[in-house]
Amino acid sequence: MSGERRFLSSRGVLGLLTIAMVASLAGCGSSSTPVRPPSSSAEDQLLTATEIRKQPAGSVERSFLSYWSDLQYRSWAEAAAYYDPRFRAFVGTADVIAAKKLNSSLYALVKPEIARVDTKGGDATIYYALTLPEGIRELDSITWHKDGGAWQIIYDSRLDAELGQLKTNEVEIKKSGTLPTGATPASPEAIRAGKQAEQKQARFLQEELKTTSP
């Protein structure tokens, strides 16, 4: 186990996950600005149990850091378990896992810096910054909903592009047998499929979440 789950019990949801895939609330998307390259080593970017414990027990900040630690240690099933069950049913658990796997090498190299947390009703949006290995500073957000005492993800700004790339890759492989590259860009069909996949979270918020909320 990784992150908070190294010292807390694991969620009992692993049985519902089937992993057989290839490898923004609106207005809260990602952005990036250039900064000087980071001087810390890759090991310094790994979240520790001490860092996670610094956040209050039961807080959305602690859930976020534990989730990120799961991504860093490639504990894909545990990371996916943080997403709201309705979200997983709508987007697809296997798609969430496969999309996150696309950036598996990156997550271990970046540690999120929480900028602020906005709360509204039972929801909390964490705005955070990442300093990428090439020195780019990226701004992202992730929205959580508290249900039954547990914080669960209902929107992840990074996941839009990841879902889009996953679907683009899938369609292009079926069409041409190869992944899109700079030399061989994706076909129009693959690009359209990718754009549609990027809107899946927005559709969940606009359709599924509204109709299933109490």
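Just so it is clear, none of the values below were taken in a lab; they were calculated from the coordinates. Computed from a predicted model, the values in this text were never measured in an experiment. Glycine also receives a Cβ, built like all others from the backbone with ideal geometry; neighbour counts cover every protein chain displayed.
Less than 17 Å from a label point 7 Å out along the Cα-to-Cβ axis of Glu51: which backbone N atoms in region 61-76 qualify, by residue? Inside the label zone: 61-75. Quick one: check the C-alpha center-to-center distance for region 39-71 versus region 167-191, whole angstrom. Computed from Cα coordinates, the inter-centre distance equals 36 Å. Given the pairs Lys120/Lys167; Lys174/Lys200; Lys146/Lys195; Lys54/Lys195, which span a C-alpha to C-alpha distance of over 27 angstrom in this model? Pairs exceeding 27 Å: Lys120/Lys167; Lys146/Lys195; Lys54/Lys195.
Using a Förster distance of 41 angstrom, determine the FRET efficiency expected from the C-beta separation of Lys195 and Ser59, and round it to 0.05.
0.70
The listed peptides 45-55, 141-151, 70-80, ordered by packing as a protection proxy, come out as 70-80, 141-151, 45-55 (highest mean of other Cβ atoms within 10 Å first). Candidate cross-link partners of Lys100 among the aspartates and glutamates, defined by an alpha-carbon separation under 14 Å and a same-chain spacing of 8 or more, comprise Asp70, Glu78, Asp156, Asp160, Glu162, Glu198.
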